[in-house]
Amino acid sequence: MIIGVTKEIKDNEYRVGLTPAGAGVLCQEGHEVYVQKNAGIGSGLPDESYIQAGAKVLDSAADVFDVADMIIKVKEPQSSEVAMMKEGQILFTYLHLAPAPELTKQLLEKKISGIAYETIQLEDGSLPLLRPMSEVAGRLSVQIGSHYLQRDKGGSGVLLGGVPGVKPGRVTIIGGGIVGANALKMAAGLGAQVSIFDVNPVRLAYLDDLYGGRITTIVANAEAIAEEVILSDLLIGAVLIAGAKAPRLVTRAMLSRMRPNSVAVDVSVDQGGCFESTKPTTHTHPTYMDSGVLHYCVSNIPGAVARTSTFALTNVTLPYARKLANQGLRKALKEDPALAKGLNVHSGEITQKAVAEAFESYR
């Protein structure tokens, strides 16, 4: 199979879809790998490292799209990239189609076979290709939130860990999955007072045991969320329903009762966000004020730590990329039920239930 890797063009997206080592594995198995010039430079991976691994470097994205049977990316394609794609091409990347009807329509019209990292799902319900970026985003959410809490950055001037004689800041995390658990690890490590919500009491019991009662775990409902949100210095949205739009659990009315210039970080923005006030932002323009609260809703948070993220991503995507390359699309999907759940669009049809339901809701 001919595999293409293009340079990401989303705002300040420095990750790349495949490391040189990953390219080398595919080349050793008899495939051809074509990489766009400087595709890996933002992750500290020069063209020479891909060439040494056996890949070939092409000057432009158009050149890569033109020759490739499968494109391996990080983020969803922008309109200019979709325009360069060809019918029947396999696109292997994060897609997040539920809140993106226009992109869905474009991929359907092109008859692309789009496999979304975020909906590849194992029998136990886990999402192996989403996990590493959720770990990165969860940890960064607290790092970023504490940064923007500084008064000179527009925040309320709260130090999350406090100091002797001054109580610590309060962090509320909506969602106890991978993002939430990693945000919890960072917030608790800083010494903040942390509350975390989830709908699963068993998950909350696990987190409570893990932290020995040093955190507050709460079963999610509208009243309980409202009570905690208004007391928070930092609010983190970490809600995920695989493939579907995130539910809006935090209203503007709740936010308006927070201390002015408190900070809200919505990691679930990729799936539409879990705050009523959420709108996607970029690394160039990351924040905005709404209801008196400073919002950070960047839709590619892990891109800020591109080198770590690129290696972590290739670690989990490469085994599936090898299956697709070695077996072809149909056989790979037939033999791997987890991979089959990743197929979101194919031959002009939506093949993932949550995406189909979301797409119909826009009509």
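The values are calculated or read from the model by the stated rules, or taken from the named source; none is laboratory data. This structure is a prediction, so every number in the text was calculated from the model and none was measured. Cβ coordinates were reconstructed from backbone atoms using ideal geometry, including for glycine residues, and neighbour counts include every protein chain displayed. We work out accessible area using only protein heavy atoms, side chains counted, and drop any ligands, DNA or RNA first. Shrake-Rupley method; radii C 1.70, N 1.55, O 1.52, S 1.80 Å.
At-a-glance table
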| item | result |
| --- | --- |
| Set of aspartates and glutamates with alpha-carbon distance to Lys245 below 14 Å, sequence-local pairs under 8 removed | Glu118, Asp266, Asp270, Glu276, Glu357, Glu360 |
| Backbone HN-Hα couplings from phi across the range 338-349 [Karplus 6.51/-1.76/1.60, Hz, Gly and Pro as x] | 5, 5, 4, 5, x, 6, 9, 9, 7, 6, x, 10 |
| Pairs of alpha carbons in the range 120-201 whose separation is greater than 15 Å (percent) | 61 percent |
| For the range 285-322 versus the range 1-80, the gap between their alpha-carbon centres in whole angstrom | 19 Å |
| Accessible area (Å², per residue) of the range 278-330, counting only protein heavy atoms and a probe of 1.4 Å | 41 Å² |
| Accessible-area value, Leu108, 1.4 Å probe, nucleic acids and ligands omitted, Å² | 30 Å² |
| In the range 95-145, GluC sites (Glu not before Pro) in a DSSP loop with at most 14 other beta-carbon atoms within 10 Å | Glu123 |
| Among Ala205, Ala325, Ala23, residue whose mean-square fluctuation peaks in a GNM of the chain (springs only between Cα atoms under 10 Å) | Ala205 |
| The range 86-225, accessible area per residue, ligands and nucleic acids excluded (1.4 Å, Å²) | 43 Å² |
| Kirkwood Rh and Cα Rg combined as Rg/Rh, the chain | 0.99 |
| Derived scalar couplings ³J(HN,Hα) [the range 175-190; Karplus, 6.51 cos²θ - 1.76 cosθ + 1.60; whole Hz; x for Gly, Pro] | x, x, x, 5, 4, x, 5, 6, 5, 4, 4, 6, 5, 5, x, 7 |
| Spatial extent of the range 179-239: Rg and Dmax, with the Cα atoms as the point set, Å | 10.8, 28 |
| Fraction of accessible area attributable to carbon and sulfur, the range 159-284 (%, probe 1.4 Å) | 58 percent |
| Reach of Lys56 by Cα under 28 Å, taken over lysines that are not fewer than 8 positions away in the same chain | Lys7, Lys10, Lys37, Lys73, Lys75, Lys86, Lys110, Lys111, Lys323, Lys331 |
| Where only C-alpha atoms are counted, convex hull volume of the range 103-257 per residue in Å³ | 143 Å³ |
| Residue of Val163, Val269, Val67 that the Gaussian network model of the chain assigns the largest fluctuation, springs spanning Cα pairs under 10 Å | Val163 |
| Space enclosed by the convex hull of the alpha-carbon atoms of the range 278-336, per residue, Å³ | 128 Å³ |
| Under the Karplus curve 6.51 cos²θ - 1.76 cosθ + 1.60, θ = phi - 60°, whole-Hz ³J(HN,Hα) for the range 23-34, x wherever Gly or Pro sits | 4, x, 4, 5, 5, 5, 8, x, 9, 9, 10, 10 |
| Helix-only CD estimate at 222 nm, as mean residue ellipticity for the chain, using -39500 (n - 2.57) per DSSP H run (n ≥ 4) | -10500 deg cm²/dmol |
| Amide hydrogen neighbours beyond the local backbone of His96, cut-off 5 Å, H modeled | Glu118 |
| Average projected area [Cα convex hull, the range 1-129], square nanometres | 8.2 nm² |
| Tail fraction, Cα-Cα pairs, the range 1-57, threshold 12 Å, whole percent | 58 percent |
| DSSP bridge orientation in the range 122-263 - percent antiparallel, rounded to nearest 5 | 5 percent |
| Mean shadow area of the range 213-363 over all directions, Cα convex hull, nm² | 12.5 nm² |
